[in-house]
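One structure below.
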Amino acid sequence: MREPHPPAQQSDAPRGRNSALEGTAVLAFDFGEQRIGAAVGDTVVGIAHPLTTISAADKKTRYAAIAGLIQEWRPALLVVGLPFHLDGTEHEMSRLARKFARELGGRFNLPVELVDERLTSDAADMSLAEAGVAGHKRKPVIDQVAALHILQAYLDERARQRHLMQAQQ
């Protein structure tokens, strides 16, 4: 599992045209103790889409739902948002998100990337407001839209690194 980087900084994602991730799905998760948002994206197209919100407090139900997503999308990589305080320091949810990422990698034998998720919930709320979704209708989907923002940041950084590598060649 690799350490996170802010979306505007370098990512440790595999890079280049021959990357094992080219043309494959990536699943991202916005971890929460009560809800986990999920999004999917493709490394060729470079666009993330919200999928679902898993609303379950017990691990068995959560991981069964995640197993279904993995079976359906067959991702080459999982991305988990890592929360920080605005000043970059970690807190209890950071520890829990890291634990969740380790469990995902262990259970599903897939690589897991951690991505800085600062302000993704705010960005998700703003996106939903701009789309005209009323405040009371946002709660059921905000986590999956936050996962979309986490994954889009990962995909954008990956594309930026690919372009930098091509420019250096």
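The values are calculated or read from the model by the stated rules, or taken from the named source; none is laboratory data. This structure is a prediction, so every number in the text was calculated from the model and none was measured. Reconstructed Cβ throughout: ideal geometry from the backbone, glycine too, with neighbour counts over all protein chains shown.
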Of the residues in segment 115-126 that are modelled with pLDDT of 65 or more and farther than 18 Å from ASP42 by Cβ, the one that is surrounded by the fewest Cβ atoms within 10 Å (Cβ to Cβ) is MET126
| request: Report yes if some residue within segment 143-158 is hydrophobic (A, V, I, L, M, F, W, C), out of contact with any helix residue (DSSP H, G or I) (no Cβ under 9 Å at 6 or more places or on another chain), modelled with pLDDT of 85 or more and assigned to a helix (DSSP H, G or I); otherwise report no. | output: yes
Flagged pairs (Cβ under 7 angstrom, 6 or more apart or on separate chains; first in segment 69-81, under 10 Å from LEU110 (Cβ atoms); second part of a helix (DSSP H, G or I)) are ILE70/PHE108; LEU78/LEU104
Just one listed residue, out of LEU96, LEU51, LEU110, is free of Cβ contacts under 8 Å to residues at least 60 places away in the same chain and at negative phi, and it is LEU110
